[in-house]
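Colleague: Would you mind keeping the following structure in view while I ask a few things?
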Amino acid sequence: MPVYNGGKYIGEAIDSILNQTFTDFEFLIIDDGSTDSSREIILSYDDPRITLIVNNNNIGQANSLNRSLGQASGKYVARMDQDDISLPLRLERQVGFMEENPDIGVSGTFFSFINHKQKNVYHSYIRNPFVDNHELKAQLLFSSCLAHPTVILRNKVLRENNITYESEYEPAEDYRMWSKLSSITDFANIPEFLVLLREHNSQQSITNSIKQSVSANQVRGQIFRDFLGVNLSESQLNHHSRIAIGRFEDLNTNKLSDAEHWLEYLIQLNRVNSGYDEYALLNVISHIWYYFCINSTYLGRKTLRKFYSSPLYSGKGQRISQHISFFLKCCIKHRVHFS
């Protein structure tokens, strides 16, 4: 668990790990040059499982994680963030899952969002993660497929393949790591809600949102080169990224058609290069198309017609209630307001 000025929530994060039902672990906490009370709070714990690693200067999350990976002696490495909460069964469930599935090198879990007061936060535009290995890898073409604070990794896979975090991709260093691991080992997500991800104004994903977007774009470009053998132009990559995120405030029917054509192009490109399992990619793209359209319901029945008439619509993956909600939102031209 890397820590940088996390004094406000770090006590809750530490408590959530120390109170796990699985107790046989070492807890490596890396203080990355904090200037607040973080270090004092960490030192206030008298638990032999905690090892504090202190960086004299702030070296960033990727380098801090690499420093702790070098010291991790366990069979598995689990990630944790300074402001999140692991539910009591998290490690027990994840270790048990990895023991039962030796081909899985990295797995995550489902997660919920909370605010600064530990109250649940709901986002209508966020779906539960994929769980299947092939679908998770296909998702990488669009976005990170594993929530970083939920993952457990097989230490042997990292060491034997010399896999570390790359600081040049920070703060999307996890996305880059998954892209490297995807050609080496299998992935999974445990369909249990085992981690609470906290949202607050000072978290890195908010303060570094522009940098994270740029870094994620770099990873997407690398994935296109590595897995589909294509070098995208900057405009193509930006277009792909906007579709991948699916969160627009300025959509029109022409842009809906452009997105549809681009996703169809990816399907054809994959058939030529065979970078991903075809069925898995089709399923991922079907979900991308659904969430792209449901965030475009303010275009009314034009979106409704476009969604159901598209070859990208598979008829699978959405519940009846979701179809009803989609229909009603199109009828009233509902506009999604992203937080």
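Here is a yes/no grid of residues against (1) over 30 Å from Asp84 (Cα atoms); (2) part of a helix (DSSP H, G or I); (3) touching a residue at least 60 places away in the same chain (Cβ under 8 Å); (4) of a type outside the set (Ser, Thr, Tyr):
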{"site": "Gln212", "(1), (2), (3), (4)": "no, yes, no, yes"}
{"site": "Arg225", "(1), (2), (3), (4)": "yes, yes, no, yes"}
{"site": "Ser235", "(1), (2), (3), (4)": "yes, yes, no, no"}
{"site": "Ser241", "(1), (2), (3), (4)": "no, yes, no, no"}
{"site": "Lys255", "(1), (2), (3), (4)": "yes, yes, no, yes"}
{"site": "Ala280", "(1), (2), (3), (4)": "yes, yes, yes, yes"}
{"site": "Val284", "(1), (2), (3), (4)": "no, yes, yes, yes"}
{"site": "Tyr291", "(1), (2), (3), (4)": "no, yes, yes, no"}
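Colleague: Across region 194-225, what is the number of residues that are more than 16 Å from the chain's Cα centre (by Cα) and modelled with pLDDT of 95 or more?
Modeller: 4
Colleague: Condition first: surrounded by fewer than 16 Cβ atoms within 10 Å (Cβ to Cβ) and either assigned by TED's automatic domain parsing to the domain that holds Asp132 or hydrophobic (A, V, I, L, M, F, W, C) (or both). Can you find one or more residues in region 272-293 that meet it?
Modeller: The answer is yes; a qualifying residue exists.
Colleague: Can you go through Asp36, Asp24, Asp32 and tell me which one is at negative phi and in contact with a helix residue (DSSP H, G or I) (Cβ under 6 Å, 6 or more places away or on another chain)? Walk me through how you get there before you give the answer.
Modeller: Details: Asp36 fails: in contact with a helix residue (DSSP H, G or I) (Cβ under 6 Å, 6 or more places away or on another chain); Asp24 fails: in contact with a helix residue (DSSP H, G or I) (Cβ under 6 Å, 6 or more places away or on another chain).
Matching residue, one of Asp36, Asp24, Asp32: Asp32.
Colleague: Here is a list: Ser34, Ser73. Which entry is surrounded by fewer than 14 Cβ atoms within 10 Å (Cβ to Cβ) and either in a loop (DSSP other than H, G, I, E, B) or outside the structural domain of Phe292 (by TED's automatic domain parsing) (or both)?
Modeller: Checking each option against the conditions leaves just Ser73.
Colleague: Mind listing just one residue for me: the one in region 143-159 that is closer than 21 Å to Asn128 by Cα and of a type in the set (A, V, I, L, M) and, of those, surrounded by the fewest Cβ atoms within 10 Å (Cβ to Cβ)? Give the derivation first.
Modeller: We begin by selecting, within region 143-159, every residue closer than 21 Å to Asn128 by Cα; these are 143-153.
Imposing the further condition that a residue be of a type in the set (A, V, I, L, M) reduces the set to 146-147, 151-153.
On the way: Leu146: 26, Ala147: 19, Val151: 22, Ile152: 23, Leu153: 23.
By that ranking, first place goes to Ala147.
Colleague: Output the residue which, of all residues in region 314-335 that are over 27 Å from Ala280 (Cβ atoms) and not in a helix (DSSP H, G or I), is modelled with the lowest pLDDT.
Modeller: That would be Arg335.
Conditions tested, residue by residue: (1) surrounded by fewer than 19 Cβ atoms within 10 Å (Cβ to Cβ); (2) touching a Phe, Trp or Tyr at 6+ places or on another chain (Cβ under 6 Å); (3) modelled with pLDDT of 95 or more.
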{"residue": "Arg90", "(1), (2), (3)": "no, no, yes"}
{"residue": "Gln94", "(1), (2), (3)": "no, no, yes"}
{"residue": "His116", "(1), (2), (3)": "yes, no, no"}
{"residue": "Ser124", "(1), (2), (3)": "yes, no, no"}
{"residue": "Arg127", "(1), (2), (3)": "yes, no, no"}
{"residue": "Trp178", "(1), (2), (3)": "no, no, yes"}
{"residue": "Ile184", "(1), (2), (3)": "yes, no, yes"}
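Colleague: Would you confirm, using the coordinates I've provided, whether Asp46 is in a loop (DSSP other than H, G, I, E, B) and free of Cβ contacts under 8 Å to residues at least 12 places away in the same chain?
Modeller: Values: in a loop (DSSP other than H, G, I, E, B): yes; free of Cβ contacts under 8 Å to residues at least 12 places away in the same chain: yes.
Answer is yes for this residue.
Colleague: Here is a follow-up. I'd like the full set of residues that are surrounded by 15 or more Cβ atoms within 10 Å (Cβ to Cβ) and not in a helix (DSSP H, G or I), limited to region 15-31.
Modeller: Hits for region 15-31 are Gln20, Phe22, Phe25, Phe27, Leu28, Ile29, Ile30, Asp31.
The values are calculated or read from the model by the stated rules, or taken from the named source; none is laboratory data. The shown structure was predicted, so the numbers you read here are calculated from the model rather than taken from an experiment. Neighbour counts are summed over all protein chains in view; Cβ atoms, including those assigned to glycine, are modelled from backbone coordinates with ideal geometry.
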